[in-house]
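Working notes for the structure below.
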Amino acid sequence: MQDGATYVRVACERLRPGMRLFEFTDRNLDREASPEPAALARISLGWHPLIGRDRRPVGARLTLNGAGAAAEAPTLSVLLDGVLAGLAFESEGELVFPHGLMVLSPQGIVLDAAMSGWSAPRNVLLELGQCDLDDERRVRQMFDIQKQGVRIALRLDEPTAPQPERLQGFQYLVGRSPQFLPPGVDPTQYSILALDAATPGQVEASFAAGAHATVGWPLAAVPQREPQGLSPAQTAVFELIRLVQADADVRDLERVFKAEPLLAYLLLTLANSSAYRRPTPVASLGHAISLLGYQRLIKWLVLLLAMAGKDKSTTPLVYVAVARGYLIENLCAAAGRTRSERDDGFVVGAFSLLDAITGQSLLDLLHDIRLPEAVVDALLGAAGPCAPLLEIARGFEAADPLTVARIKAELNVDPVDANRALLQALAAADALQALM
């Protein structure tokens, strides 16, 4: 990285209520053109959502593992620039960055000299391991990185706590639930990102002990509850999805929206947001539907399932499901699949947690929706051409190092494109979450 390294300015432009984007202002080819192929090709990525105390997603944590021998490990500064480039996307001619907290956690990749001048958007946390505190050279590099405006989260991965003076300057700590922190670490002095989040009990214990957010969320171990039935708005969303899948006339969709004033209001709010930058307001439901288009509309409807439901605690599940949908769609695109196959892939991922989101069985939910056979087979029987794609999405969530190799073998998609597919999926899920 050259002297006077490129920096990222937080744009104060208000895109939508409650949403701010990060704009790259100085030129940086590593971040603007495409991720560094040599770097992203030699790592395997994993991810978990960050869920705040209000049970809403606040960002994501990405683990970056070297995929080859130590001698082949990519240079960390180049790798991180590639990851940031993969998370950025173009919107209305501008390069924008996710607004949620993004924790980058390199595993087993050492700090290189260029890291002293590395910089990142303000909502990026660089997570480093506790062992780095034992090396004076790395400690000095940490201070240099912080001088660039980059915040560092310390991962407590050793049984004994660091010396108190070593923790100065760290706002975030990544570790087990606050109740299990090493002796000598006062959880009230830091924002704890709790890794204990595999079960509902662990999540509740972490928040009760003062965790700022959990890294991950229970997906399979969902608390059992009596089926509550779908809310009227949720039933309307399913009807809209059925109509979109059937390529129904816009007037048919209008009738459903008109019967649910809240959904109609949300649709018009979306159509009139600055994301579309219309010179005149959109007042017609039909105009709003045409403006969005059916492909974008169905993705938006999936998000509405949580908003329209009775249980507002399912938002983390929707976030993960939408990220899965975008990931599978992106992988299908990289593999040269047809538009129809890519759309099927999105629905498979987005509906993969629908039973947990709604409290209903998938068999009942899909009974009246005429979805393609490949989608139904993947969701109900883990069979058909879409089923392996769903397993690949789960592999990224488990940080399975064999995932990129499996993608190469089954889809003939190179690791750099596979990793980029994940990064773009997380950026898209973040944008939709912020909009909602």
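Could you order the peptides 161-169, 94-102, 323-331, 418-426 from most to least packed, using the average number of other C-beta atoms within 10 Å per residue?
323-331, 418-426, 94-102, 161-169
What's the carbon and sulfur percent of region 285-436's accessible surface, probe 1.4 angstrom, rounded to a whole number?
Of all accessible area on region 285-436, carbon and sulfur atoms account for 52 percent.
Ordering Ser284, Ser191 by accessible area with a probe of 1.4 Å, largest first, what comes out?
Result of the area sort, largest leading: Ser284, Ser191.
Show log10 I(q)/I(0) for region 35-187 at q = 0.13, 0.15, 0.19 Å⁻¹, two decimals, from a solvent-free Debye sum over equal Cα scatterers.
Values, matching the q order: -0.63, -0.85, -1.33.
Relative contact order of region 79-168: what whole-number percent is it, with Cα pairs under 8 angstrom and at least 6 residues apart?
Result for region 79-168 is 26 percent.
Viscosity 1.306 mPa s, temperature 10 °C: what is the translational diffusion coefficient of region 98-253 from Stokes-Einstein with a Kirkwood Rh over Cα pairs, rounded to a whole number of µm²/s?
In µm²/s, the coefficient rounds to 85.
Report the residues of region 356-373 in range of a label on Thr235: point 7 Å along Cα→C-beta, backbone N strictly under 15 Å from it.
Once the point is set 7 Å along Cα→Cβ of Thr235, 365, 368-369 turn out to lie under 15 Å by backbone N, inside region 356-373.
At 0.36 nm per residue, and after removing the present C-alpha to C-alpha distance, how many nm does the segment from Ser273 to Glu410 gain when stretched out fully? Let's see the in-between values first.
Working: separation 137, 0.36 × 137 = 49.32 nm, distance 4.00 nm.
Separation in residues times 0.36 nm, less the Cα-Cα distance, equals 45.3 nm.
Can you work out ³J(HN,Hα) from phi for every residue in region 393-402, in order, using Karplus 6.51 cos²θ - 1.76 cosθ + 1.60 and θ = phi - 60°, giving whole Hz and x for Gly and Pro?
For region 393-402, the Karplus curve yields 4, 5, x, 5, 5, 8, 6, 6, x, 8 Hz.
Counting only protein heavy atoms, what percent of the accessible surface of region 63-193 is carbon or sulfur at a 1.4 Å probe?
The nonpolar share, carbon plus sulfur, comes to 48 percent.
Take the alpha-carbon centre of region 342-364, take the same for region 371-436, and report the distance between them in whole Å.
Each part's Cα centre sits 14 Å from the other's.
Rounded to whole Å and ordered largest first, report the semi-axes of the equivalent ellipsoid of region 101-193 derived from its Cα gyration tensor (root of 5λ).
Working through the eigenvalues yields semi-axes of 21, 15, 12 Å.
The values are calculated or read from the model by the stated rules, or taken from the named source; none is laboratory data. Quick caveat: nothing in here was measured; it's all calculated off a predicted structure. Positions of Cβ are backbone-derived with ideal geometry, glycine not excepted, and every protein chain shown enters the neighbour counts. Ligands, DNA and RNA are stripped out before the accessible areas are found, and what is left, the full protein with its side chains, is counted by its heavy atoms. Shrake-Rupley method; radii C 1.70, N 1.55, O 1.52, S 1.80 Å.
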